[in-house]
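J.: What follows is a structure written as structure tokens; I'll ask about it next.
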Amino acid sequence: MKYFLLIILLFISNTHFTFAQSLTLEDIVSTPDVSSVRLAPDGKNIAYLTHINTEARQGVLIAAYNTDTAKSKQISYIENSKFVITDLLWASNNTLLITAQFPTVRHNVPVTETRLLRIDVNTFKISPVIANKIYRKMKYIPNIQTDVIDLLPDDEDHILMSLGGFLNQVGDSVYRLAITDKGKSRRQIGAKVNFISWLTDTDNTPRIAVHLDKTTYTIKEKKSSSSKFKNLWRFEAFSKEQVWPLAFGADNNILYVRALHEGKNAIYKVNLDDEDLTKELVYFNKNYDVTGNLRRSKATGEIVGVGYNYWDEEYKSLVSLIDKALPDTDNLLLDKSKDGNKYIVLASNDNQPGIYLIGDKKAKSLKVLAHKYRKLLPELLAKKKHVSYKARDGLKIEGFLTLPNRERTQNLPTIIFPHGGPISYDSDGFDYWTQFFANKGYAVFQMNFRGSSGYGHDFLKQGIGSWGQAMQDDVEDGTRWLINEGIADKNNVCIAGASYGGYAALMGAVKTPDLYQCIISFAGVTDVEDLVKSHRRYTHFDIVKKQIGSDYSELWEVSPLKHAEKITKPVLLIHGDKDRVVDVKQSKKMFKRLKSKGKPVEYVEVNKGNHYLSHNNHRLETFRAMNAFLDKHLPIQ
């Protein structure tokens with residue numbers, strides 16, 4: 001064990017030899033240097049993305065690191081001009097899958113297209129997974145073409161994919177798709193109306209299907225090709241009765257599901273031979289919802305954990321050793337080789353943006369593979385503090401406070417930074433938005449207002465159909481709490497946010513015009529009525545109405561656009577013109593309305609920008625605009 005620790009300390013200490021004393025805007029907000037680190041099943045190669053951000057080239061380099069020779073090779077370079085590479089996935093030791101997305105318009109409806117590509121890591125040949133002959137069988141070309149449901153680990157030539165387009169309405173089929181020249185694609189299960197996803201069992205047979213009828217989900221089981229579908233569970237969206245199938249265990253009749261236990265999402269297993277479908281509790285956290293993906297052992301096929309947490313003793317022992325060696329970071333075991341010897345760890349926390357390490361159990365070593373951000377050293381970044389406060393109705397609201405690396409800790413210029421979603425949450429991990437604000441000298445406050453995920457069903461349900469109401473009050477109450485605590489200078493507070501967070505920022509300016517000295521909205525919703533109506537031609541329209549609301553007069557009442565005259569402080573609106581989550585017209589209309597009423601407003605439209613600032617030049621443009629706006633309206637003294 002001492003040898004194990006020695007290797008850790010030597011490698012990590014060597015990575016800190018630098019003379020950097022400060023961080024630039026570009027250092028903090030640029031896309032990661034390295035991402036999507038993936039271990040091949042045999043543990044001999046590690047694929048990863050290296051982001052190229054120069055004036056001459058903007059794109060990603062796909063590369064592979066050989067764990068035996070410690071040498072890397074370039075596989076392919078892809079420019080960001082059209083596609084955004086979103087992830088890598090090993091289908092076998094020789095075939096790498098690439099998921100990509102791009103914005104487009106279909107029948108006047110803006111959509112995001114996704115595609116799946118394959119690369120032979122030996123020949124570097126790259127090609128689409130779905131062949132033209134399959135497209136010719138479709139009624140229409142589906143925009144989502146990346147729903148891989150089974151990698152078929154015992155079949156190197158094929159994968160299983162859930163795929164739409166074969167009906168004139170919603171309904172996915174299952175295709176066995178070739179991923180090598182030896183493979184032959186064929187349909188395995190025909191399309192079924194309103195079947196939106198599939199789950200395979202341990203025999204790699206599509207066994208569980210999710211059926212959606214407006215807002216009612218039905219979980220169905222089909223044991224063999226000759227049997228009929230059996231209804232396992234039926235429930236309404238956002239109801240307490242939700243039971244979501246996750247994966248089969250090594251036993252072909254044991255299904256792992258996520259369902260509520262004492263009001264929080266927990267992991268259960270169910271024996272499908274049991275007519276009563278009795279749920280056996282596997283993992284539960286009394287304080288928070290259990291989130292994250294299930295973890296499966298490649299050696300045994302059994303489910304061993306979820307997210308950062310394991311119940312398998314072998315995995316728990318390994319994670320315990322890693323945590324002892326790396327006590328100052330949250331350490332996620334990303335993957336293990338099939339023989340269990342090689343493994344990948346991502347070590348990170350709020351002021352450590354991420355170190356990828358490769359472990360070798362036989363050698364008892366854990367070596368640094370790459371830094372996610374090479375220039376972002378922990379000593380130059382700010383730390384987050386977990387806090388809580390009481391909302392006006394007594395509800396406990398948790399949040400995170402980030403103080404700048406300054407001697408002064410009271411009466412600070414402050415950024416209130418509510419998250420997007422709103423069914424999402426802020427955590428104590430690294431995020432470049434918070435670090436950008438803190439590096440400039442601001443305190444940053446993020447609150448998980450009611451309606452946020454992670455705090456149980458009742459907490460989340462309070463946000464359904466409640467935009468601009470108690471959720472908004474939670475943001476205001478958090479701001480006033482921070483002022484009363486003496487941390488925030490009441491005369492130097494700005495509110496900023498993205499997506500729903502941008503909406504919350506603008507509504508804060510509407511409801512409490514004297515509380516904030518400036519407002520920043522990136523891709524923010526300004527017209528809630530129009531947001532809901534814009535989903536009329538999407539398959540999830542009924543879910544959107546149930547989540548946000550269906551009374552259009554009420555939705556207009558809680559829209560910042562309707563109340564623009566109440567805003568008195570400077571506003572910065574930023575929006576990408578290829579945003580497929582919140583249409584750019586939302587910010588355009590707000591800019592025109594504020595401008596017509598003589599309000600101080602600036603508008604930046606990011607050319608070809610999406611909702612997630614996926615391209616580095618778009619990030620830089622956005623944050624340079626925010627930087628100039630803050631320097632003007634909330635200067636650091």
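The values are calculated or read from the model by the stated rules, or taken from the named source; none is laboratory data. None of the values given here were measured: they were computed from a predicted structure. Here the Cβ is made from the backbone with ideal geometry for all residues, glycine too, and neighbour counts use every protein chain on show.
J.: Would you say Gly359 is touching a Lys or Arg at 6+ places or on another chain (Cβ under 6 Å) and closer than 23 Å to Thr50 by Cα?
T.: Answer is no for this residue.
J.: Name the single residue that is surrounded by the most Cβ atoms within 10 Å (Cβ to Cβ) among those in the stretch 169-179 being under 28 Å from the mean Cα position of the chain (by Cα) and among the small types (Gly, Ala, Ser).
T.: Within the stretch 169-179, the match that is surrounded by the most Cβ atoms within 10 Å (Cβ to Cβ) is Ser173.
J.: Among what's in the stretch 349-369 and is crowded, with 18+ Cβ neighbours inside 10 Å and among the small types (Gly, Ala, Ser), pick the residue that is farthest from the chain's Cα centre (by Cα).
T.: Taking the candidates together, the pick is Gly359.
J.: Test of understanding: among Lys372, Lys338, Lys324, Lys385, which residue is surrounded by 18 or more Cβ atoms within 10 Å (Cβ to Cβ) and either among the charged types (D, E, K, R) or modelled with pLDDT of 95 or more (or both)?
T.: After applying the criteria, what remains is Lys372.
J.: Pick from Lys230, Lys240: which is exposed (fewer than 15 other Cβ atoms within 10 Å of the Cβ), within 28 Å of the chain's Cα centre (by Cα) and on the phi < 0 side of the Ramachandran plot?
T.: When all the criteria are applied, what remains is Lys240.
J.: I need the full set of residues from the stretch 427-470 which are touching a strand residue (DSSP E or B) at 6+ places or on another chain (Cβ under 7 Å), buried (at least 23 other Cβ atoms within 10 Å of the Cβ) and not hydrophobic (A, V, I, L, M, F, W, C), in order please.
T.: Result: Thr434, Tyr442, Gln446, Asn448.
J.: Oh, and also: Does Gly249 satisfy the criteria of being in contact with a Phe, Trp or Tyr (Cβ under 8 Å, 6 or more places away or on another chain) and at positive phi?
T.: no
J.: Would you call Leu294 touching a Pro at 6+ places or on another chain (Cβ under 8 Å) and at pLDDT 95 or above?
T.: No; evaluated as a whole, the condition is false for this residue.
J.: Tell me whether the stretch 388-407 contains one or more residues that are touching an Asp or Glu at 6+ places or on another chain (Cβ under 9 Å), at pLDDT below 95 and surrounded by fewer than 16 Cβ atoms within 10 Å (Cβ to Cβ).
T.: Yes.
J.: Out of Thr31, Thr18, Thr69, which single residue is at pLDDT 80 or above, assigned to a loop (DSSP other than H, G, I, E, B) and over 26 Å from the mean Cα position of the chain (by Cα)?
T.: Going through Thr31, Thr18, Thr69 in turn, just one is at pLDDT 80 or above, assigned to a loop (DSSP other than H, G, I, E, B) and over 26 Å from the mean Cα position of the chain (by Cα): Thr69.
J.: Just checking, how many residues over the stretch 55-89 are surrounded by fewer than 15 Cβ atoms within 10 Å (Cβ to Cβ) and under 22 Å from Gly43 (Cβ atoms)?
T.: The number of residues fulfilling the criteria is 8.
J.: So, one more: Go through the stretch 413-449 and count every residue that is hydroxyl-bearing (Ser, Thr, Tyr) and assigned to a loop (DSSP other than H, G, I, E, B).
T.: The total comes to 4.
Residue-by-condition table, conditions (1) buried (at least 17 other Cβ atoms within 10 Å of the Cβ); (2) part of a helix (DSSP H, G or I); (3) in contact (Cβ under 8 Å) with a residue 40 or more places away in the chain:
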position	(1), (2), (3)
Asp473	yes, yes, yes
Asp477	yes, yes, yes
Trp481	yes, yes, yes
Lys490	no, no, no
Ala505	yes, yes, yes
Ile519	yes, no, yes
Lys546	yes, yes, yes
